[in-house]
Amino acid sequence: MKPVIALVGRPNVGKSTLFNRLTKSRNAIVADFAGLTRDRHYGDGRLGDREFICIDTGGFEPDSTTGIVKEMAKQTRQAVAEADAVVFVVDVRTGLSGQDQDIARYLRQANKRIFLAVNKAEGMSDSPLLAEFHELGLGEPHPISAAHGQGIRSLLDAVLEGFDGAEEFGAGPEDETTIRIAVAGRPNVGKSTLINTWLGEERLVAFDMPGTTRDAISVPFERNGQKFQLIDTAGLRRKGKVFEAIEKFSVVKTLQAIADANVVLLLIDATQGVTDQDAHIAGYILDSGRAVVVAINKWDAVDSYQRETLMRSIETRLGFLKFATILHISALKRQGLAPLWNAMADAYASAYKKMTTPVLTRLVQEAVQHQTPKKVGHFRPKMRYAHQGGMNPPIVVIHGNSLDHVTEVYKRYLEGRIRAHYKLTGTPLKIELRSSK
Ligand code: GDP
Ligand code: GDP
C-alpha cells in the first residue's frame, strides 16, 4: 500500500506550498476532503514510480493564549497518527521559534520516522543558518525550497526509503482471476451493513480471515465461481460473526483501498442525496483511474419524488462518472444486490480488456472515415495506427501527425466509438495522441 506522509509545522512555514508541489507532480486533482476533516488535505503524490499519500495539516488559527495552539496540536496529532513518516517543516528565514520547539518536543516522543525540512532555503544549501535547526534533535536538516522546487527530491528519497517493498502490506491472493474490490463512501452510507450482508450470504464462501496488517483486513471470498477480495475501507474488525467499524471513517484507508482495488463500489446514501463529500470521493476514484460501480443505497427509505430528485442530482453532480453503471440497492433489506456482482465483474473485465493493434487501428480508421478531424490552420490531423498502452484503466495510444490539433470533442468521439466496440462499461478509457511531427 502507498505510504502516508504527513506535513506538519507552524503556520506560514510553507506546508501547503510543499503539499501542492508534492501532489501536483501527478497531473492529478488533489483529493480535498476539506468538508470532512476540516483542516487536513489529502493528496496523491509520486516520485518516479513510487506513489504516496500526502497529508497537509495547514489551515488552523493561532491562539496566543495557549502556547502551542490547541487546534494545531489536534490536527498534528491526527495526521501523525495516520502517517508512516512525518515531514516537519520549519522556516529558515524566521529561524527557530518557540512553536517549532513545542512541535519538535511532541514529535520526538511520537515514535514515527521524522524528517526535518528547512524551507525557504532557495540557494542556501550550505548556509550556516541551517545549523541552528540541529538543536531540535530530529536529525540532519534537509534544506528545501517548496516554492522553487529545490531539495525536494533528496528529501523524498530519504522519506520514502524503506517503503519500496509491497510484500510488507500485501495479504491474500494476488492473481489475475481475483477481483479486488473496495467499498467506498462517506460515513453512514451503509458500507458496514453491505459488507455484513454480503459476508452473511450463503452463496458466498468466505475463506479464513487472514491476519490483520496495520488494522486493515482484506477478506477473500468466492461467489458463483468468481474469486473476490474485499479490501477494507471502514476500519472493520471482526466481532463474532459480524464486522464492526472500529473507527468511523478514515480518509487514508479509503484512499489506500481505492489505489489497491481493481473495482471500486461507490455507495451513495439515497436519503441524503449527492453531497460534496460524495463528489470528492467520486473525483478521487476517477482520478485514480479505477473501475467503478455506483450503488445508491437505502433505496427502500425514499419515496418516488425523492428518487426522481436524486437521479437528477446524480446526473448533474456525478456526470463525470457517466461511464459507470448506477444501481439502486438496499443493503439493509437485501434488495438489488445480485446485479452488483455482474456490474463489478463487467467493470473489471472492461478495465482489463485486451485490445489488439489491428482492431484498434481499424476502429480509428473507420472513425476518421465517418467523421474527419477538423483542420486547424494548415494542419489536418492524420491518424496512422493505434495500440493499447495500458490496462486498468485501458489506454489507447494513437500515432499520427499533427495530433496536437485534435480537439477534446473529437477525442471523446473516438472514445465513444472504441467504448461501443469493446462494450466497455464502468472504467475510464484514456486516449493518448502521439504525433511524429
Ligand atoms: P503554511 O501555512 O505552512 O501552509 O504555509 P504556506 O504554504 O501557505 O506558505 C506561507 C508563505 O511562505 C507563502 O507566502 C509562500 O509563498 C511562502 N513560501 C512557501 N514556500 C516558500 C519557499 O520555498 N521560499 C520562499 N521564499 N517562500 C515560500
Ligand atoms: P457505514 O458508516 O458506511 O459503514 O454505514 P453503516 O453500515 O454503519 O450504516 C449506517 C446506518 O444506515 C445504519 O443505521 C444502517 O442500519 C443504515 N442503513 C444501511 N443500509 C441501509 C439501507 O439499505 N436502508 C436503510 N433504510 N438503512 C440502511
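Odds and ends about this structure:
- Checked against the criterion of being over 26 Å from the mean Cα position of the chain (by Cα), among the hydroxyl-bearing types (Ser, Thr, Tyr) and either closer than 21 Å to PRO393 by Cα or crowded, with 18+ Cβ neighbours inside 10 Å (or both), segment 295-307 contains not a single residue that satisfies it.
Results for (1) out of contact with any His (no Cβ under 6 Å at 6 or more places or on another chain); (2) more than 24 Å from LEU318 (Cα to Cα); (3) part of a helix (DSSP H, G or I), shown as yes or no for each residue.
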{"site": "ALA345", "(1), (2), (3)": "yes, no, yes"}
{"site": "LYS354", "(1), (2), (3)": "yes, yes, no"}
{"site": "PRO358", "(1), (2), (3)": "yes, yes, yes"}
{"site": "GLU366", "(1), (2), (3)": "yes, yes, yes"}
{"site": "TYR385", "(1), (2), (3)": "no, yes, no"}
{"site": "GLY389", "(1), (2), (3)": "yes, yes, no"}
{"site": "GLY400", "(1), (2), (3)": "yes, yes, no"}
{"site": "ILE418", "(1), (2), (3)": "yes, no, yes"}
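- Within segment 308-347, restricting attention to residues that are of a type in the set (Ser, Thr, Tyr) and surrounded by fewer than 17 Cβ atoms within 10 Å (Cβ to Cβ), the residue that is nearest to PRO428 (Cα to Cα) is THR316.
- Identity of the residue in segment 212-264, β-branched (Val, Ile, Thr), modelled with pLDDT under 65 and not in a strand (DSSP E or B), that ends up farthest from ASN392 (Cα to Cα): ILE246
- Scanning segment 98-132 for residues that are in a loop (DSSP other than H, G, I, E, B) and closer than 29 Å to VAL252 by Cβ gives GLN109, ALA110, ASN111, LYS112, LYS120.
- Residue pairs meeting the criteria (Cβ under 9 Å; at least 6 apart or on separate chains; first away from ligand 1 (no atom under 16 Å from the Cβ), in segment 135-150; second among the acidic types (Asp, Glu)): LEU136/ASP100
- Taking residues in segment 263-280 that are in contact (Cβ under 8 Å) with a residue 12 or more places away in the chain, and partners anywhere that are among the polar types (S, T, N, Q) and crowded, with 24+ Cβ neighbours inside 10 Å, the pairs with Cβ atoms closer than 7 Å and at least 6 places apart or on different chains are LEU267/ASN297; ILE268/ASN297; ASP269/ASN297; ALA270/ASN297.
- Selection from segment 84-111 of residues that are closer than 28 Å to MET1 by Cβ and at pLDDT below 90: ILE103, TYR106, LEU107, ARG108, GLN109, ALA110, ASN111
- Looking only at segment 296-340, residues that are free of Cβ contacts under 8 Å to residues at least 12 places away in the same chain and not hydrophobic (A, V, I, L, M, F, W, C) come to 9 in all.
- Test: residue in segment 265-278 that is modelled with pLDDT under 75 and either crowded, with 17+ Cβ neighbours inside 10 Å or assigned to a loop (DSSP other than H, G, I, E, B) (or both): no
The values are calculated or read from the model by the stated rules, or taken from the named source; none is laboratory data. All of these numbers come straight from a predicted model, not from anything done at the bench. Here Cβ is always computed from backbone atoms with ideal geometry, including for glycine, and neighbour counts include all displayed protein chains.
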